[in-house]
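Take a look at the structure below.
The values are calculated or read from the model by the stated rules, or taken from the named source; none is laboratory data. Because the structure is predicted, anything quoted here is derived from the model rather than measured. Neighbour counts are summed over all protein chains in view; Cβ atoms, including those assigned to glycine, are modelled from backbone coordinates with ideal geometry.
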Amino acid sequence: MSPHPNPPPQAREGVDNPPSLAGEGGARAGRRGRVGATVGDALTDAAAALAAAGFDEPRRRARRVLAAVLRLSAAEIFAHPERALTTAEEARHAEMLSRMIAREPLSRIIGRREFWGLEFVLSGDTLDPRPDSESVVEALLSRLPDRTPAYRFLDLGTGTGCLLLALLSEFPQAIGVGVDVAAGAAATARRNAKLLGLGDRAYFAVGDWARAIAGGFDAVVANPPYIPTGAIPELPPEVRDYDPKPALDGGSDGLQAYRAIAADLLPLLRRGGVFAAEIGLGQAEAVAAILAQNGLSIDAYATDLGGVIRCVIARR
Ligand SMILES: C[S@@+](CC[C@H](N)C(=O)[O-])C[C@H]1O[C@@H](n2cnc3c(N)ncnc32)[C@H](O)[C@@H]1O
């Protein structure tokens, strides 16, 4: 769950009353209702509203919102500043911009997020997958260089199914099981598997970690909740207010889920099998100790693009 230490880009803190785009005073207010507002106008107004609300890179963000509204690429937005917006597009643009100014991540607003080059549908029960979690996928790929075996993978706390489905996209003969305590997450993961054409190799179950799962897996991956309970109120609003609590809350020291998962790993993994887990900032030693106490050998730590240890890799 890399989301936490690496939250979405920050806007200025303490903006309690974001400007209403539909009301008076917003930078966009003067344009609303104007016949023939163009892509160029909408971009300029949205960037001004985002800048006024304290967002960094307002122009880039404005382009992303408008691209999502118009279902165009950022390049197409650039290429056609003269294109006129319909009334419906203007209304949708104003609504999406208001939500963004209220700190709702754009991925939540549009209900989709790209991970490992694949598109994932989000729901209220799923974490919004973070790019840093790709380090778990990379860690497994580096340990299983042959892509052809019919491996069996297990993903504990699957959320959108992003880790498992990214792996299945790389191993065309593999099958996998994803487990989540949230029924809504398991349903969303199932939907993602279908949309990605991986539905016949991915199975999703509702459960408490691996309690109801029998062993024999070649690899187990997990991105469990790892934020200490007491730190949750301090998270940026984009995370705290929009990612589901069961995806964040790692108990009093943030390590509760690792203890629960580690206790079941030996019977789950075949001999030589790999376990790769995402960890929070500064948790590497503690998680490695928990895994070692439960009979696993620590293989390596993997860092994310920022050089932060993001993943612990162990073997049975
Ligand atoms: C940090 S999210 C990770 C989601 C996804 N794997 C990802 O990387 O985006 C942790 C997930 O663990 C699930 N979870 C929390 N407690 C659980 C439990 N006891 N058993 C199974 N899953 C659990 C949450 O519902 C959430 O989907």
message: Quick check on Asp218: is it in the same structural domain as Leu141 (by TED's automatic domain parsing), in a loop (DSSP other than H, G, I, E, B) and modelled with pLDDT of 95 or more?
response: no
field: Options Asp155, Asp132; residue that is assigned to a strand (DSSP E or B) and either within 15 Å of the ligand (Cβ to nearest atom) or outside the structural domain of Val274 (by TED's automatic domain parsing) (or both)
entry: Asp155
query: Is it the case that some residue within region 189-196 is away from the ligand (no atom under 11 Å from the Cβ), in a loop (DSSP other than H, G, I, E, B) and either outside the structural domain of Arg271 (by TED's automatic domain parsing) or on the phi > 0 side of the Ramachandran plot (or both)?
result: no
- request: Report yes if some residue within region 22-33 is outside the structural domain of Asp243 (by TED's automatic domain parsing) and modelled with pLDDT of 85 or more; otherwise report no.
  value: no
- line: Reported set for region 171-188 where residues are in a loop (DSSP other than H, G, I, E, B) and near the ligand (Cβ under 9 Å from one of its atoms) is Val181, Ala182
task: Kindly provide the set of residues from region 250-291 that are over 13 Å from Trp209 (Cα atoms) and hydroxyl-bearing (Ser, Thr, Tyr), ordered by number.
output: Ser252
task: Could you check how many residues of region 91-134 are surrounded by 21 or more Cβ atoms within 10 Å (Cβ to Cβ) and either of a type in the set (Phe, Trp, Tyr) or under 15 Å from Cys162 (Cα atoms) (or both)?
output: 12
statement: Of the residues in region 104-129, those that are more than 10 Å from the ligand (Cβ to nearest atom) and either more than 16 Å from Ala193 (Cα to Cα) or in a loop (DSSP other than H, G, I, E, B) (or both) come to Glu104, Pro105, Leu106, Ser107, Arg108, Ile109, Ile110, Gly111, Trp116, Gly117, Ser123, Gly124
- line: Of the listed residues (Tyr203, Tyr258), the one being buried (at least 22 other Cβ atoms within 10 Å of the Cβ) and either touching a His at 6+ places or on another chain (Cβ under 8 Å) or more than 16 Å from Asp128 (Cα to Cα) (or both) is Tyr258
field: Output for region 117-164, where each listed residue is touching an Asp or Glu at 6+ places or on another chain (Cβ under 8 Å), more than 17 Å from Gly178 (Cα to Cα) and hydrophobic (A, V, I, L, M, F, W, C)
entry: Leu141, Leu144
message: Within region 145-180, take every residue that is of a type in the set (Val, Ile, Thr) and surrounded by 15 or more Cβ atoms within 10 Å (Cβ to Cβ) and give me the one that is farthest from Ala212 (Cα to Cα).
response: Thr160
message: Checking the structure you have, find out if any residue of region 163-170 is under 12 Å from the mean Cα position of the chain (by Cα), in contact (Cβ under 8 Å) with a residue 40 or more places away in the chain and either under 18 Å from Asp243 (Cα atoms) or near the ligand (Cβ under 9 Å from one of its atoms) (or both).
response: yes
- prompt: Taking the stated definitions as given, is Ala205 assigned to a strand (DSSP E or B) and either touching a residue at least 24 places away in the same chain (Cβ under 8 Å) or charged (D, E, K, R) (or both)?
  reply: yes
